[in-house]
1. If the label for residue B:274 sits 7 angstrom from Cα along the Cα-to-Cβ line, what are its distances to the same label in every other copy, in nm to one decimal, shortest first?
2. Would you kindly derive the ³J(HN,Hα) couplings of the range A:86-97 from the backbone phi angles with the Karplus curve 6.51 cos²θ - 1.76 cosθ + 1.60 (θ = phi - 60°), listing them in order in whole Hz, with x for Gly and Pro?
3. What is the sum of charges, Lys and Arg at +1 and Asp and Glu at -1, for the other residues whose Cβ falls under 14 Å from the Cβ of residue A:163?
4. Regarding the range B:36-189, what whole-number volume in Å³ per residue does the convex hull of its Cα atoms give?
5. Provide the percentage of antiparallel DSSP beta bridges, counting only those with both residues in the range B:72-198; round to the nearest 5.
6. Two decimals, Cα atoms only, Kirkwood Rh: what is Rg/Rh over the range A:117-218?
7. Just the C-alpha atoms of the range A:260-362: what Rg/Rh do they give, with Rh taken as the Kirkwood radius?
8. 5 Å is the cut-off here: which amide hydrogens, built 1.01 Å from N in the peptide plane, fall below it relative to residue A:42, excluding neighbours closer than 5 in sequence?
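Derivation of every value follows stated rules applied to the coordinates shown; laboratory data play no part. Since this is a predicted model, take the numbers as computed values, not measurements. Cβ atoms come from the backbone with ideal geometry, glycine included; neighbour counts cover every protein chain shown.
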2 protein chains.
Amino acid sequence: VGTRLFDEGRRFRIGGWWLVVTLVGVLSAAAFPRLVAAQSAWSIGPREVPPPAGASETLSEAIASAPAPDVAQGGIAIPTTEEGWLALQQDSGAVSLDALSAQLSVSIERDEIDGVTVYRVTPDQLDARHDGHLFLPVHGGAYVLGGGDGSVGEAATVASRLGIQAVSVDYRMPPAHPFPAAVDDTVSVYHRLLQTHAAASIVIGGTSAGGGLALAVVHRLIADGVDTPGAIYAGTPWADLTKTGDTLFANEGLDRVLVRYEGLLEEAALLYADGRDLKDPLLSPVYGDFDRFPPTYFITGTRDMFLSDTVRTHRKMRVAGVAAELNVYEAISHAEYLILADSPESKQAFDELGDFLRRHLP
Amino acid sequence: VGTRLFDEGRRFRIGGWWLVVTLVGVLSAAAFPRLVAAQSAWSIGPREVPPPAGASETLSEAIASAPAPDVAQGGIAIPTTEEGWLALQQDSGAVSLDALSAQLSVSIERDEIDGVTVYRVTPDQLDARHDGHLFLPVHGGAYVLGGGDGSVGEAATVASRLGIQAVSVDYRMPPAHPFPAAVDDTVSVYHRLLQTHAAASIVIGGTSAGGGLALAVVHRLIADGVDTPGAIYAGTPWADLTKTGDTLFANEGLDRVLVRYEGLLEEAALLYADGRDLKDPLLSPVYGDFDRFPPTYFITGTRDMFLSDTVRTHRKMRVAGVAAELNVYEAISHAEYLILADSPESKQAFDELGDFLRRHLP
C-alpha cells in the first residue's frame with residue numbers, strides 16, 4: 001500500500017494528467033489505495049474569482065457591480081417562533097398582482113380548487129402551439145416562503161414567455177402545515193385538472209423548492225398508479241434536503257443567491273420535514289426511482305449551489321432511460337435565470353423550455 | 001442610482017432569494033445599477049470540501065484517500081528548451097501497447113495514412129450495432145503531450161467498451177509542429193477515411209485537447225464545404241485556450257487533475273498557438289459558429305476546471321439548434337471518467353456515449 005500510495009500521490013502531485021489519460025486502461029481504480037480512515041475535508045482557496053467574461057454582458061455586469069457574498073453573515077436570521085415565521089411569510093408574499101399583470105401582459109385570477117388556493121394565469125398572447133397545454137407551476141421559497149400572491153411570479157413569467165395557460169398552486173406551508181401538505185395540495189389540484197386535461201398535455205414544474213416539489217409529486221403519482229404529466233420543468237431543483245451535494249460545499253460563497261447551506265436552507269429543511277427522514281424520496285426526490293418519469297428539462301448554472309443536486313438527478317434519470325435534458329449556464333447562481341429576467345440567459349432558458357415542451361407534449 | 005444600489009446590495013445581502021424569486025417580472029435587469037468601474041475579483045473561501053458523499057463509492061474513496069491538490073506547486077515544471085519538451089513528450093508516450101491490448105481485449109496496429117501516424121484499433125468483440133461505424137479518436141495532452149504509443153489509450157478504451165472500430169490519429173505536435181499541424185493531420189486522415197466510409201457513419205472525438213481538436217476539425221470541415229462526421233464525442237473539451245471560463249477560477253485547487261491554469265495549460269496554449277490569436281475558432285472552438293454541427297455528446301464534472309468551456313460550447317450549440325447532449329458528473333475532476341476507468345461514472349459515461357451514437361449514426 002505504501003508504494004501504491006506514493007504512486008497515486010505522485011501521479012497527481014506532478015500534475016501529470018496527460019500521463020494518467022494515456023495510461024487509462026492500464027491503470028484501474030481497483031489498484032487505488034484504500035486508507036483505513038477517510039481524509040478530512042480539503043481546504044480550498046481562497047480563490048480570486050473575477051466577473052465571468054464568458055457569460056452575457058448583463059450577467060457579468062450584474063456580478064461586477066454587486067458586493068461579494070458574505071458567507072459569515074449568510075442568509076437571514078431564522079425566526080425562532082411560529083409568529084416570526086408567519087410574519088416572514090407574509091412579507092415574502094407581498095407582491096402586487098396588478099403590477100405583475102401589467103409588466104408581463106397576463107391576467108391573474110385567484111381561485112380555489114378543492115380547498116387549495118390557486119392562481120389561474122392567462123397570457124394576453126396565447127401561442128397556438130400550446131393550445132390544450134397546461135402549465136402547473138409550484139413556487140420556490142425553500143418550502144417555507146414565497147406563498148400567497150408572491151407564489152405566482154414564476155408562473156406569470158413562464159405563461160407570458162411561452163404563451164401558455166397556467167394554474168399555479170399556492171400550497172400550504174409550515175409551520176402550520178409541514179410535509180406532506182405541499183405534496184397533497186399539488187396532487188389534489190392535479191387530479192381536478194385531469195377532469196379537463198389529458199395528463200400528457202400537462203407540464204408540472206418550478207424552480208428551487210418548486211423543482212423539487214414537482215419531482216416529489218411525480219414520485220407520488222407513480223406510486224399511486226396515476227398517469228404522470230407529459231413533462232417536468234425542473235429548474236435547479238432542491239432535490240436533496242440534506243447537505244450532500246458537492247456544490248453545496250464547493251460553491252459556498254460563490255453562489256450569490258443561496259450563499260451557504262447553514263441558516264435558511266438547513267432550518268427550512270427541518271421545519272418542512274417535521275421529523276421525517278430527510279432522505280425520503282418525497283422530501284429529497286433524488287433518492288427515488290426514476291424508471292417511469294416523463295421527459296424532464298433541467299436548468300442550473302456553474303455557480304449554483306444546487307448544481308450537484310441538479311446533475312445527480314439528471315444522471316439518475318438518464319440511467320433510467322428518461323428523456324432528460326440538462327442545461328448549465330456559465331456563472332449563473334441559484335435561480336438567476338429567473339431573477340435576471342432581462343438577461344440573454346433568461347431568454348435562452350425559457351425559449352428552450354418552450355421548444356422542449358412543444359417536442360414532448362401532444 | 002444610490003437608492004437602487006442600496007436595494008440591489010440589500011436584496012442579496014439579506015440572502016432574500018425567495019423574495020427576488022417571487023418578484024421576478026416586477027424587477028428587471030435593466031434596473032440593475034451600473035458602476036463606473038467593474039469590481040475586482042471576489043475572494044472566495046477558504047472552503048472546506050469533504051469527499052463527495054453523492055458520488056460513487058469508487059470516486060469518493062479515491063478522493064478521500066488522495067492528498068489535496070497543491071495549487072502553489074501546481075502542474076509540472078515547464079521545459080524551457082525544445083529538447084526538454086521532446087524528452088517530456090517521449091516520457092508521456094511511453095506506454096506498452098501489448099499491455100493495453102491485453103487489458104482491453106483489442107488489437108492495435110500502427111499504420112500510416114498520407115504521412116500521418118495512426119493506430120488501427122479493433123476490439124475482440126465487435127458490437128453488431130456498430131457495424132459500419134468508425135470512431136476517429138484524437139488524443140488529449142494539451143496539444144503538446146500524450147502522442148506516440150500513448151495516444152491510443154482513449155481510443156482503445158472506447159473501442160473496447162463500445163465494440164466499435166477505431167482509427168486513432170497521432171497528430172504532429174509542437175514545438176516542431178505547432179498549430180495548424182494537429183488540425184491538418186486529422187483532416188487528412190478524415191479525407192482518406194471518406195474513401196471507404198460514409199461521413200455520417202464516422203464519430204470524431206476525444207477528451208480535453210482531443211475534444212477541443214475534434215470541434216476545431218469540424219469547424220474546418222464546414223468552412224471547407226466537406227461533409228461532417230455523423231457525431232462528435234466532446235469529452236470535457238479544451239474549447240477555449242484563454243483563461244476565460246469561470247470554472248478555471250472557481251474550481252482551481254478543487255480539480256485534482258488540472259489543479260490550475262498557470263503552468264502547463266497556459267504554456268501549452270502559447271506553444272501550440274505559435275503566435276496566433278488564441279480566440280481563433282480553430283484554436284478555441286467555442287468562439288466559432290455552430291450552425292451546421294452534427295449531434296454532439298458532452299461529458300464533464302462539477303469539479304472540472306473545463307466545466308465552463310464544456311457548458312459554454314453546449315449552450316452555443318443548443319442555441320444553434322444542434323442535437324447536443326450535456327452530461328455532468330457529480331464531483332468528477334477533469335477527465336476522471338477516463339482516469340477512474342473502473343468507476344460507475346466511467347461505465348455510465350461510455351455506456352451512454354454508445355447509446356447516443358447508436359441513436360445518431362445510421
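1. Result for residue B:274, in nm, nearest copy first: 7.0.
2. Taking θ as phi minus 60°, the curve returns 5, 5, 5, 4, 4, 4, 6, x, 7, 10, 8, 5 Hz for the range A:86-97.
3. Values: positive: A:129, A:161, A:358; negative: A:124, A:127, A:131, A:351, A:355.
Net charge in that neighbourhood comes out at -2.
4. Residue-normalised Cα hull volume stands at 240 Å³.
5. The antiparallel proportion sits near 80 percent.
6. Details: Rg = 12.9 Å, Rh = 13.5 Å.
Looking at the range A:117-218, the ratio lands at 0.96.
7. My calculation puts Rg/Rh at 1.00.
8. Correct list: B:49.
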